[in-house]
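Every number in this text was worked out from the coordinates using simple rules, so none of it is lab data. These figures come from a predicted structure and were not determined experimentally. Neighbour counts run over all protein chains shown; Cβ positions are idealised from the backbone, glycine included.
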Amino acid sequence: MEKAQEWFNYGIELAKEFGPKLVTAILIFIIGSWVIKKMIGSAGRIMAKGKYDESLQKFLLNLVNWTLKIFLIILVISRLGIDVTTFAAVIAAAGLAVGLALQGSLSNFAGGVLIMIFRPYKIGDFIEAQGVVGSVKEIEIFTTKLITPGNKLAIIPNGALANGNIINYTAEGMMRVDLTIGIGYDEDIKQAKEVLLQVLVSNPKVLQDPAPSVNVSQLGESSVDFAVRPYCAPEEYWNVYFETLENCKLALDKAGIEIPYPHSVEIQKKA
């Protein structure tokens, strides 16, 4: 009983000494988290009104959010009576060890910063990078998220993007659709060219500046091949691609121009 009484008294003393600090630290954490949330929300609304780029908004807000949370944690720890300088030294040592272990993550962070500075792409752009093609959904601190044409989510490290080749199909505001359509050798080349060009000119989704073009690109084994090149807005690429194929076939059929196809000839041997 005496031992239990001693432990009880000891617990009371600890509660008196550290209880107020613990309660204060908890209150600081709760209030600080609420304040940070409100600050980030206000900053986001200000950026939205200022028409900042969406990708830059998210990147900066994430960076500020994590920075403020780190300061809040340090403040809470100092309120508990832990020596912040000693804690900072421990954090620095741990940070060095973690940094060496996570060099890839640090390079991804640096890559994210470079992407924000040089802006090779932004949210909504259609790009090709690291063997992946898709629309940029989000640019985060360490990664960039793409939505592929097959509606799949691709997550690419920013370090690889910052140091690799990037093809931005949206940057110039237009894309060229590359199609090859062949006609028979006995057909009139000039007539076929006029028919194909009329298909492009009559499509409202095809841009007229730069002008679409139809040119002989190859004399194949069984066909004269035309390079059919319409330009369009990036978001209309696949619509123009499929519509041009269909309309060219219909127009050539209507003009009586043959599109050759492979013929198989069966040779029968008499016994």
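Would you tally the net charge around ASN239, using a Cβ to Cβ cut-off of less than 13 Å, leaving ASN239 out, and scoring K and R as +1, D and E as -1?
-3
With respect to the cross-link table entries LYS58/LYS122; LYS38/LYS69; LYS193/LYS254; LYS37/LYS145; LYS49/LYS69; LYS58/LYS145, which display a Cα-Cα separation exceeding 21 Å?
Too far apart for the 21 Å limit: LYS37/LYS145; LYS49/LYS69.
Considering Cα pairs under 8 angstrom that are at least six residues apart, work out the relative contact order of segment 114-168 and quote it in whole percent.
Answer for segment 114-168 is 33 percent.
Per 0.36 nm of contour for each residue apart, how much would the distance between ASP209 and PHE71 grow if the chain were fully extended, relative to their Cα-Cα spacing?
44.2 nm
Quickly rank 124-130, 167-173 as a protection proxy: mean count of other C-beta atoms within 10 Å, highest first.
124-130, 167-173
For VAL113 and ALA227, FRET efficiency with R0 = 45 Å and r from the beta-carbon atoms, rounded to 0.05?
That pair, ALA227 with VAL113, gives E of 0.60.
Starting from the Cα-Cα distance between VAL133 and TYR241, subtract it from 0.36 nm times their residue separation and give me the gain in nm to one decimal.
The VAL133-TYR241 span can extend by a further 37.2 nm.
For SER223, what is the net charge nearby, where nearby means another residue's Cβ is under 15 Å from its Cβ and Lys, Arg count +1, Asp, Glu -1?
-4
Hey, can you rank 139-146, 251-258 by average C-beta count inside 10 Å, highest first?
139-146, 251-258
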